[in-house]
Amino acid sequence: MRVKKSSSNPAKLKTVRPSGKTDDSIFDLIYDIARLVPKGRVTSYGAIAKAIGSGKSARLVGWAMSAAGRVKPKVPAHRVVNSAGLLSGKHAFKTPTYMQELLEKEGIKVKNDKVVDFKTRFWDPALELV
């Protein structure tokens, strides 16, 4: 997957998927990146924002993750945390502990709503996208 910025409007981004199909929805682009986060790893709202070329849009990524429960194919929103490793989006899950439960099922330890060993569990989408 490649990310293209429109030269005339940097806020309008396109995803060029391996199939060659493009998509104009910023939420769809965010979801595509979140789907790339490997099991047992986490990324941050800000890291996804930077990967789409909009580094100051971490809040937009948060809004997308809040709506991810209604999206198909599924989006592993539980793997997206804040820049300190806090489960700041846990309120968007079906129970207050469900985000933590999903992470722990993948082998990620969480203590006091924070990913233990966040730096080694962190996955940077900017290093994966061309």
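Coordinate-derived values only; no laboratory data. Predicted, not measured: the structure shown is a model, and the values here were computed from it.
Quick notes
- Per principal axis, descending, Cα span of the stretch 27-130 in whole Å: 32, 29, 22
- Measuring against 24 Å, Cα to Cα, the residue pairs 72/105; 72/114; 72/94; 50/94; 56/111; 39/111 contain 72/114; 50/94; 56/111 as the ones spanning a longer distance.
- Gained length - residue 67 relative to residue 113, 0.36 nm times residue gap less alpha-carbon distance: 14.5 nm
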